[in-house]
Amino acid sequence: MTDFEQKKTRAGQLRKELNYHIYRYYVENENDIEDYEYDMLMRELDSIEKEYPELLTSDSPTHRVGGRADGLFETVLHTVKMESLQDAFSHDEVRDFNKRVKDVFSNAEYVVEPKIDGLSVSLEYVNGVFTRGSTRGDGVQGEDITANLRTVKSIPLRLKKDIPFIEVRGEVYMPRHEFMRLNEERAEKGEAEFANPRNAAAGSLRQLDPQVTAKRSLSFFAYNVGNGALEKHSDSLAMLKGYGFKVSENYKVVANIEEAIKFIEDFDAKRRSLAYDTDGAVIKVNAVYQQRILGATGKDPRWAIAFKFPPEQAETTLEDIVWRVGRTGVLTPTAVLTPVKLSGSVVSR
């Protein structure tokens, strides 16, 4: 066996092993290998790919951070429209939604899942390999942010099954601890702080330099497929998990709308203990054929609704105002507060 053939075989083994450890750590929150061992495997693969550039593949973990984007983001036409959801702010509005569904399908069951407060994106896979990712935009077309999405380590670059094509929908979000760290870093530099994790995630994904995005420790939950859905939405979620995606562990199939409302109440009581922000819960008709018949009105599907929690508020005391001078000479005020717990985080500035 030639040196090239040996390196080709070894590169395949390394990619498989590294992608496994990335999945275990960033999706399953488990660690089967020490950081040093992981770094040595990554360095070995990088060395092989530099020696033989023809062995570099698009799903290689060494290339999660690509080059700088050239100018503005290109426009992407979604294969299936990314619809927005109608909002509900009371249980009665949820019951009205249920009545409209039951008027058509008396046997409809629902899936209730957390509404992650992040940025909706679409991921395209060809023969199991991640080829393109985009923002939702206006639902019909979005922006190509593939290079930045490659840096999100909970997004698999290669699926566990080499299917011809699938478009996966999901939410990119910034964990609370990363949001607090980023704002502290920006405050120290005299830069404007982000208002909330959602704005921070959106700003991170629209960086022209993917290396900036890579430093932001973003994460991803898959919540739907644009094409190739199974007979039930709950089955599609299980399928996505089987392909290697992180799927919310907090979703539930319910037989009626009162069970859905009970889920929302229970989830509201525990959501502040999660590592990420949620601003509500989404209720979807589970049977896909019923979804298709119910259709959409304008931009909103008739088969789903988003219940929104009221904004969380807390009282505290303003102790001081600290002024920082940025590198460009801009003054930025920071309010120093008596620490107060809000959305699962302690806020003091």
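The values are calculated or read from the model by the stated rules, or taken from the named source; none is laboratory data. None of these values were measured; they are calculated from a predicted model. Virtual Cβ from ideal backbone geometry, glycine too; neighbours counted across all protein chains shown. The protein model used for the area step is the full one, side chains on, heavy atoms only, and it has no ligands, DNA or RNA in it. Shrake-Rupley method; radii C 1.70, N 1.55, O 1.52, S 1.80 Å.
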Condition check: small (Gly, Ala, Ser) and within 14 Å of the chain's Cα centre (by Cα). Does Ser154 satisfy that?
yes
Pull up region 198-219, narrow it to residues that are in contact with a Leu (Cβ under 8 Å, 6 or more places away or on another chain) and under 30 Å from Val285 (Cα atoms), then point me to the one that is surrounded by the most Cβ atoms within 10 Å (Cβ to Cβ).
Ala201
May I ask you to list the residues in region 317-349 that are open to solvent by 60 Å² or more (accessible area, probe 1.4 Å), closer than 23 Å to Glu185 by Cβ, modelled with pLDDT of 70 or more and of a type in the set (Val, Ile, Thr)?
Ile321, Val325
In region 195-231, residues that are closer than 16 Å to Asn183 by Cα, in contact with a Gly (Cβ under 9 Å, 6 or more places away or on another chain) and not basic (Lys, Arg) total 4
Candidate set: region 1-56, residues that are assigned to a helix (DSSP H, G or I), of a type in the set (D, E, K, R) and within 30 Å of Ser248 (Cα to Cα); chosen: the one least open to solvent (accessible area, probe 1.4 Å)
Arg15
Consider region 239-285. How many of its residues are assigned to a helix (DSSP H, G or I), open to solvent by 10 Å² or more (accessible area, probe 1.4 Å) and in contact with a strand residue (DSSP E or B) (Cβ under 6 Å, 6 or more places away or on another chain)?
2
Subset of region 222-238 (residues that are in a loop (DSSP other than H, G, I, E, B) and either open to solvent by less than 60 Å² (accessible area, probe 1.4 Å) or in contact with a strand residue (DSSP E or B) (Cβ under 8 Å, 6 or more places away or on another chain) (or both))
Gly226, Asn227, Gly228, Ala229, Glu231
Within region 71-102, the count of residues that are free of Cβ contacts under 8 Å to residues at least 60 places away in the same chain and open to solvent by 80 Å² or more (accessible area, probe 1.4 Å) comes to 5
Matching residues, region 1-43, being over 20 Å from Arg64 (Cα atoms), hydrophobic (A, V, I, L, M, F, W, C) and modelled with pLDDT of 85 or more
Phe4
Output for Cβ contacts, cut-off 6 Å, separation at least six or different chains, first residue over 20 Å from Ser248 (Cβ atoms) and free of Cβ contacts under 8 Å to residues at least 60 places away in the same chain in region 103-125, second surrounded by fewer than 24 Cβ atoms within 10 Å (Cβ to Cβ) and polar (S, T, N, Q), reads Glu124/Thr131
Can you list the helices (runs of 4 or more DSSP H) found entirely within region 136-205 that contain at least 1 residues being of a type in the set (A, V, I, L, M) and farther than 28 Å from Leu237 by Cβ?
176-188
Residue within region 217-225 that is under 17 Å from the mean Cα position of the chain (by Cα) and more than 23 Å from Glu113 (Cα to Cα) present:
yes
Consider region 184-195. How many of its residues are in contact (Cβ under 8 Å) with a residue 12 or more places away in the chain, surrounded by 14 or more Cβ atoms within 10 Å (Cβ to Cβ) and of a type outside the set (A, V, I, L, M)?
4
Here is a list: Pro53, Pro114. Which entry is closer than 30 Å to Gly242 by Cβ and not basic (Lys, Arg)?
Pro114
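Yes/no per residue for (1) hydroxyl-bearing (Ser, Thr, Tyr); (2) modelled with pLDDT of 95 or more:
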{"residue": "Thr213", "(1), (2)": "yes, no"}
{"residue": "Arg216", "(1), (2)": "no, no"}
{"residue": "Tyr223", "(1), (2)": "yes, yes"}
{"residue": "Gly228", "(1), (2)": "no, no"}
{"residue": "Leu240", "(1), (2)": "no, yes"}
{"residue": "Asn256", "(1), (2)": "no, yes"}
{"residue": "Glu259", "(1), (2)": "no, yes"}
{"residue": "Asp268", "(1), (2)": "no, no"}
{"residue": "Asn286", "(1), (2)": "no, yes"}
Scanning region 115-143 for residues that are open to solvent by less than 10 Å² (accessible area, probe 1.4 Å) and closer than 29 Å to Lys270 by Cα, the one farthest from the chain's Cα centre (by Cα) turns out to be Ser122
Check Gln313 against each of (1) in a loop (DSSP other than H, G, I, E, B); (2) closer than 30 Å to His21 by Cβ; (3) polar (S, T, N, Q) and name the one condition it does not meet.
(2)
